[in-house]
1. Quick check on the chain: what are the equivalent-ellipsoid semi-axes from the Cα gyration tensor, as sqrt(5λ), descending, whole Å?
2. Using 7 Å Cα-to-Cβ label points, what is the SER12/ASN64 separation (nm, one decimal)?
3. Give the cross-link partners of LYS28 among the lysines, using a straight C-alpha distance below 24 Å as the criterion and excluding same-chain residues fewer than 8 apart.
4. On a full-extension model of 0.36 nm per residue, what is the gain between ALA43 and ASN110, subtracting their alpha-carbon distance, rounded to one decimal in nm?
5. What range in the chain is the longest one free of GluC sites (Glu not before Pro) that are in a loop by DSSP and have at most 10 other Cβ atoms within 10 angstrom?
6. Would you calculate a helix-derived [θ] at 222 nm for the chain, using -39,500 (n - 2.57) for each DSSP H run of n ≥ 4 and dividing by the full residue count, to the nearest 500?
7. In cubic angstrom, how much convex hull volume per residue do the alpha carbon atoms of the range 66-128 span?
8. Counting other beta carbons within 10 Å of each Cβ, put TYR83, TYR48 in order, fewest first.
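Laboratory data are not the source of any read-out in this text; all were calculated from the coordinates shown. All values reported here derive from a predicted model rather than from experimental measurement. With ideal geometry, Cβ positions are generated from the backbone for all residues, glycine too; neighbour counts draw on all protein chains shown.
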Amino acid sequence: MNSDFEAVVTLSKKKLANDPSTAVFQVKIKGHILKGFVVRRGAGFFAYQNLCSHLPVTLDLNDNSFFNHEKSHLQCQMHGAVYEMETGLCVAGPCEGARLKPLRIIEEKNQLIIYFPESLIREEVSGESK
Ligand code: FES
């Protein structure tokens, strides 16, 4: 695949040594910065765009704090929306029932390869809302 709208990130699994833990990343494409994060829970790795479903802010407000107090869920630091780590489904808070935008993630030995979908990139670059 070779496209103007391709964005691939590679992360070392070492960045996610703790269970659970998160790692953030970003790409710049056509002058727009797209932010994402990976959350590890047990042997599972899940990647999402770092964008709350309630308002267009990062979940962690840019300090890599993604968890609720019990570390059982992801939680937006702005108004407290609570999301499942494995599905990105918001289960409590102002956007209950909405979902984080998932990113495709592939595990390869000690690395994680994450793909921003072309549709998401086009949406961001064109300035279209969700
Ligand atoms: S901006 Fe995330 S809960 Fe309001």
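1. Values: eigenvalues 97, 76, 26 Å².
Output for the chain: semi-axes of 22, 20, 11 Å.
2. 1.2
3. Hits, sequence-local ones excluded: LYS13, LYS14, LYS15, LYS101, LYS130.
4. Gain on extension, ALA43 to ASN110, equals 22.9 nm.
5. On the way: sites that count: GLU70, GLU128.
Between the exposed loop sites, the longest stretch runs 1-69.
6. Values: 1 runs with 9 residues, N = 130.
It comes out at -2000 deg cm²/dmol, rounded to the nearest 500.
7. Values: hull volume 7.7 nm³, N = 63.
Cα convex hull per residue, to the nearest whole number: 122 Å³.
8. Working: TYR83 28, TYR48 25.
Least to most surrounded, the residues fall as TYR48, TYR83.
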